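First the structure, in the form of structure tokens, and then the observations on it.
Derivation of every value follows stated rules applied to the coordinates shown; laboratory data play no part. From a predicted model like this one, the values you see are computed outputs, not experimental measurements. Cβ atoms come from the backbone with ideal geometry, glycine included; neighbour counts cover every protein chain shown.
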Amino acid sequence: MRDGRPSCSRRATTRAIELAAEKGLSTLAFSRISTGIYGYPREEAAAVASRAIREALVRWRGISEVRLVFYSPSDEAAFLSHHEFGEGV
């Protein structure tokens with residue numbers, strides 16, 4: 001994507017999980033933003049966020065829970081239909 005949203009979103013998500021782990025936290029929450037006024041496609045945002053969270057949880061095992069807060073039911077549905085979580089993550 002030409003504007004860098006995927007890489008920026010991925011880095012921000014990964015860094016937040018890394019910082020939480022470094023501070024000894026076991027849970028954290030994210031609001032899933034940029035799909036509304038900023039026009040970031042929901043499906044792409046869902047896949048990028050899901051991949052970043054999955055990879056970060058494998059790396060930082062001290063994080064036991066990540067909560068996602070969605071702006072709308074359609075944002076939630078997009079995430080659930082494009083997530084990349086498997087068993088054990």
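Packing-based ranking of 10-19, 67-76 yields 10-19, 67-76, ordered from highest to lowest mean Cβ neighbour count within 10 Å.
Charging the Cβ of each Asp and Glu at -1 and of each Lys and Arg at +1, and nothing else, the dipole of the range 5-82 about its Cα centre rounds to 240 debye.
When the alpha carbon gyration tensor of the range 5-82 is reduced to an equivalent ellipsoid, the three semi-axes, largest first, read 22, 12, 11 Å.
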